[in-house]
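The values are calculated or read from the model by the stated rules, or taken from the named source; none is laboratory data. Please read these numbers as outputs of a predicted model, since none were measured by experiment. Cβ: placed from backbone, ideal geometry, glycine included. Neighbour counts: every protein chain shown. Just so you know, the surface numbers come from the protein's heavy atoms only, side chains and all, with ligands and any DNA or RNA stripped out. Shrake-Rupley method; radii C 1.70, N 1.55, O 1.52, S 1.80 Å.
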Protein chains: 2
Amino acid sequence: MTPDSFTKPPRKPRADGERNRARLIEAARKVFAEKGAGAGLEQVAREAEVGIGTLYRHFRSRDALITSIYQQEIDTLIDAAPALMNELEPLPALREWLLQFVDFLETKQGMADVLSTLIGGTAALYSGTSECLAHAIEALTANAVDEGALDLDLEPLDLLRAIGGVANLTPGENWRQSAVQMIDLLLKGMQRDSD
Amino acid sequence: MTPDSFTKPPRKPRADGERNRARLIEAARKVFAEKGAGAGLEQVAREAEVGIGTLYRHFRSRDALITSIYQQEIDTLIDAAPALMNELEPLPALREWLLQFVDFLETKQGMADVLSTLIGGTAALYSGTSECLAHAIEALTANAVDEGALDLDLEPLDLLRAIGGVANLTPGENWRQSAVQMIDLLLKGMQRDSD
DNA sequence: AGAAATGTGGAGGGCGCCTCCGTTTAAATA
DNA sequence: TATTTAAACGGAGGCGCCCTCCACATTTCT
């Protein structure tokens, strides 16, 4: 129906546009890392040496900017799942992946918004990122269930939500330890009864 | 050291002050219920037919207002703990209390801020509410551990954080079911190994 | 080079947070 | 009751963030 060659007028994307987009993402990474999410978008624009208007043309909303930033890291996380399932037994694979998820959260210190954007929110629905993340953990858990290692009564994403809760709501520096303990607790709870 | 009769100059608190405080709390309940937390404080003041300055004198911060609102409900929750420990076996007592915690969350639909204020945040440190909540769940878990029903590797508050994560980050209407399943999963994970 | 499309920048409107301080009003005192 | 005292009031206004809009600049295409 819509053959590529005819549907859209061909036009090379402007060089400055792409350059600025890249600068913005880099600037946002830096600023958010320093000041936590919730830092002013104006500041991001300043850091990128770009007008605020430019920022808003490239990224309609704060969420759009955030997902753009973390898309790459999340893709890495998602891609890691199949590899882990090959290399490890189902349970260790799941555990390892959850640990990597914690690593990911660690770099986003305190960015509650990021989390809800990714696993709760409505925004990720556009990008489909949320679904991919869901697929990854669903695959890991299904794998473990098939092998008889787990019983699972809940939506796999809820595991991430629980971990996220611990990560977000634990004040201070030691949330990581709590998160890891939570992972082991959850895994133990899912372990199939031996009766 | 500080006998009541001498330490403070006696002065009846002004009637209008107390009245306005009450009006503000009531107004805040209403407005937050309608518009979710994050509603403008100015609107709360308007609803209470009071100047914005008055609101800020009674409640230094948004958090202070929020904790004042929910203080009562939380007290109820906290008070329920000892009773449950008397009436039920340790494990069912803990479970029941966690379910009541979910009920509490239910009335705060989507108020992520409330949660972090209560179990994560810095604000509750002033009021001590956070500590009381912590004491309640610590008592419940300690009770179960003493009776040999549980092994516990984590800070009891983390249980609430995990549940809170599920509650906050699950979109739609069905988070309650998820939260309950999470409770059972956590309990199972904490169950002492029978080896 | 000239036309057309695309991108830029930042002023400015809107909004919510919170402070400050001149005025009002209740409680204590005479 | 009249006066004094200090607690409480209220809302204008400063601040900072969000986002839109559009006259102007730059790039690509012909």
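Would you check which residues across segment B:45-74 are open to solvent by less than 60 Å² (accessible area, probe 1.4 Å), of a type outside the set (Ser, Thr, Tyr) and either in a helix (DSSP H, G or I) or at positive phi (or both) and list them? Explain how you work it out, then say what you get.
Taking segment B:45-74 first, the residues open to solvent by less than 60 Å² (accessible area, probe 1.4 Å) are B:45, B:48, B:50-51, B:53-55, B:58-59, B:61, B:63-71, B:74.
Then keep just the ones that are of a type outside the set (Ser, Thr, Tyr); that gives B:45, B:48, B:50-51, B:53, B:55, B:58-59, B:63-66, B:69, B:71, B:74.
B:45, B:53, B:55, B:58, B:63, B:64, B:65, B:66, B:69, B:71, B:74 - these are the residues of segment B:45-74 that are open to solvent by less than 60 Å² (accessible area, probe 1.4 Å), of a type outside the set (Ser, Thr, Tyr) and either in a helix (DSSP H, G or I) or at positive phi (or both).
Taking residue B:69 as the residue in question, decide whether it is away from DNA strand C (no atom under 13 Å from the Cβ), free of Cβ contacts under 8 Å to residues at least 60 places away in the same chain and assigned by TED's automatic domain parsing to the domain that holds residue B:107.
Yes.
For segment B:18-47, name all the residues that are near DNA strand C (Cβ under 8 Å from one of its atoms) and among the small types (Gly, Ala, Ser).
B:38, B:39, B:40 - these are the residues of segment B:18-47 that are near DNA strand C (Cβ under 8 Å from one of its atoms) and among the small types (Gly, Ala, Ser).
Pick from A:41, A:65, A:24: which is near DNA strand D (Cβ under 7 Å from one of its atoms) and under 24 Å from the mean Cα position of the chain (by Cα)?
On inspection, the qualifying residue turns out to be A:41.
In segment A:48-62, is there at least one residue being within 14 Å of another protein chain (Cβ to nearest Cβ), farther than 30 Å from residue A:191 by Cβ and within 15 Å of DNA strand C (Cβ to nearest atom)?
Checked segment A:48-62: no residue is within 14 Å of another protein chain (Cβ to nearest Cβ), farther than 30 Å from residue A:191 by Cβ and within 15 Å of DNA strand C (Cβ to nearest atom).
Take segment A:44-61 and flag every residue that is more than 9 Å from DNA strand D (Cβ to nearest atom) and either over 21 Å from the mean Cα position of the chain (by Cα) or among the basic types (Lys, Arg) (or both).
Across segment A:44-61, the qualifying residues are A:46, A:47, A:48, A:49, A:50.
List the residue pairs whose Cβ atoms are under 8 Å apart, where the first residue sits in segment B:21-41 and is within 14 Å of another protein chain (Cβ to nearest Cβ), the second is within 12 Å of DNA strand C (Cβ to nearest atom), and the two are 6 or more positions apart or on different chains.
B:37/B:66; B:37/B:113; B:38/B:113
When residues of segment B:183-193 are filtered for being open to solvent by 10 Å² or more (accessible area, probe 1.4 Å) and assigned to a helix (DSSP H, G or I), how many remain? Can you show your working first?
Taking segment B:183-193 first, the residues open to solvent by 10 Å² or more (accessible area, probe 1.4 Å) are B:184-185, B:187-188, B:191-193.
When the remaining residues are screened for being assigned to a helix (DSSP H, G or I), the result is B:184-185, B:187-188.
So the count comes out to 4.
Considering only segment A:109-182, give the helices (runs of 4 or more DSSP H) lying wholly within it that have at least 1 residues that are within 10 Å of chain B (Cβ to nearest Cβ), open to solvent by 10 Å² or more (accessible area, probe 1.4 Å) and at pLDDT 80 or above.
A:157-169
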